[in-house]
Protein chains: 2
Amino acid sequence: MADTRDEAHNAKMKKVKAAHDKIVASKTVEKGLIIVHTGPGKGKTSAALGMAIRAIGHDMKVGIVQFVKGAMATGEAAVFAKFDNVEFKPMGEGFTWETQNRARDVEVTRVAWEEVKRMIADPSYDMIIADELNIVLRYDYLPVDEVLEALAGKRDAAHVIITGRNAPDALIAVADLVTEMALVKHPFREQGVKAQAGIEF
Amino acid sequence: MADTRDEAHNAKMKKVKAAHDKIVASKTVEKGLIIVHTGPGKGKTSAALGMAIRAIGHDMKVGIVQFVKGAMATGEAAVFAKFDNVEFKPMGEGFTWETQNRARDVEVTRVAWEEVKRMIADPSYDMIIADELNIVLRYDYLPVDEVLEALAGKRDAAHVIITGRNAPDALIAVADLVTEMALVKHPFREQGVKAQAGIEF
């Protein structure tokens, strides 16, 4: 019985492999991608950090600019500090409801955005992460047209990853890869669990 | 005009901050979470790796067992090798359509699962990641009841993160935090782009 099951499985897998190999063989393009992580669920920033780690391990140069988070003692900051090929720049001043000063938020956003533009233009960077950029676009702290212009001028080899909920449609339209993180269950909302090291920061 | 807009914004943000502070104050529970990353979109493993990096940076001990991926030269492996407080164990032998041997896949799964159980039971681990565990559950290489039993016996302080598409309903039911990664746009499917360093491995 177990043998029959194994044989049927193996025959099926042979067909799956043939189909899979054919698909892989048809994929030959290598190019820098515009990647967007959006949606109300968790994991948007974490997934970008995971990609940064992969790139760092491949000796690629990575630049990370955070638009909302300020310089708090995060776990990723401690790890990135050990590597020469990553620049980690938390350039926000907290969430907009914390700062309570729109004019200041716009200024802070401008400084961070200039840093992202510099990294996109500098050929030494292989991957640029604009963390929570969608948030400042959503609040109109930065015109989306400026972002589209910078992306249109992106070097072919550079990957750009943009995170944050409520990605504008115009950004999704130019992206190569868009993932929507959807919330199925969240302990913050349902169980009174607070933000914890290793999970949220 | 700009002043009026700023003032209206600032007043609104004052209210948002009051509401937000109230919510944060009500969250007092600190506990090890059962976290599931599922869905057909990208970022499930990357987000788990991002959490691992945060935990490593906070001097937590992290154990990572990969059920499907074998010991290929990934970027994350190179980074993790530099830290004493992470054990990274790619214990798979490729995708099931590559191995084409169900009996062998079941054996390999068993060995990897015993390693996860060891980490869950060992109080020195703060975070345990079972990468692509959902895949082997889906193929019935491991009974989901064994996983539920191990999770029920989990130490309060330990976080367990399980990734892979098609998470079983029974697993979602016991999880504290479930994110579904949904595919909006994917260059593999649509543009003939191949797997690239820093993005997929």
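Provide a whole-number value for the mean count of partner chain Cβ atoms within 10 Å of the Cβ atoms in peptide B:166-177.
Values: counts 0, 1, 0, 0, 0, 0, 2, 1, 0, 3, 7, 13.
Across B:166-177, the average partner-chain Cβ count within 10 Å equals 2.
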If you place +1 on the Cβ of every Lys and Arg, -1 on the Cβ of every Asp and Glu, and leave all else neutral, what size is the dipole of region A:31-191 about its Cα centre, to the nearest 20 Debye? 380
Pairwise Lys count, region B:31-191 - Cα closer than 21 Å, eight or more residues apart or different chains: 19
Spelling out what I want: for every residue of region B:178-186, take phi, set θ = phi - 60°, compute 6.51 cos²θ - 1.76 cosθ + 1.60 (Karplus), and round to whole Hz; glycine and proline get x. 10, 10, 9, 8, 9, 8, 9, 8, 9
Just to be sure I understand: of the beta bridges DSSP finds with both ends in region B:31-191, what percent are antiparallel, rounded to 5? 0
With θ set to phi - 60°, apply the Karplus curve 6.51 cos²θ - 1.76 cosθ + 1.60 along region A:76-81 and write out the HN-Hα couplings as whole Hz, x wherever there is a Gly or Pro. 5, 4, 5, 6, 4, 4
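How much length is gained if the chain between B:Val111 and B:Glu146 is pulled fully straight, taking 0.36 nm per residue apart and subtracting their Cα-Cα distance, in nm to one decimal?
Numbers: separation 35, 0.36 × 35 = 12.60 nm, distance 1.36 nm.
Extra length available between B:Val111 and B:Glu146 comes to 11.2 nm.
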Taking a point 7 Å out from Cα toward Cβ as the label site, list the nm distances between A:Glu149 and the same residue in every other copy, smallest first. 6.4
Between A:Ala73 and the same site in the other copies, what are the distances in nm, shortest first, taking label points 7 Å from Cα along the C-beta direction? 3.7
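Out of every Cα pair in region B:102-201, what percent are spaced more than 16 Å from each other? Display every interim value, and only then the final one.
Details: 3122 of 4950 pairs.
Distances greater than 16 Å cover 63 percent of the Cα pairs.
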Looking at the square roots a ≥ b ≥ c of the eigenvalues of the Cα gyration tensor of region A:31-191, which shape do they give, rounded for a/c under 1.5, prolate if a/b is larger than b/c, or oblate? rounded
Note the distances from B:Lys14 to each other copy's matching label point, with points 7 Å along the Cα-to-beta-carbon direction, in nm, sorted shortest first. 7.5
Out of A:Ala18, A:Ala173, A:Ala48, any idea which swings most in a Gaussian network model of chain A, alpha carbons joined below 10 Å? A:Ala18
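We did not get these values from a lab; they are worked out from the coordinates using the rules stated. These numbers come from a predicted model, not from an experiment. Here Cβ is always computed from backbone atoms with ideal geometry, including for glycine, and neighbour counts include all displayed protein chains.
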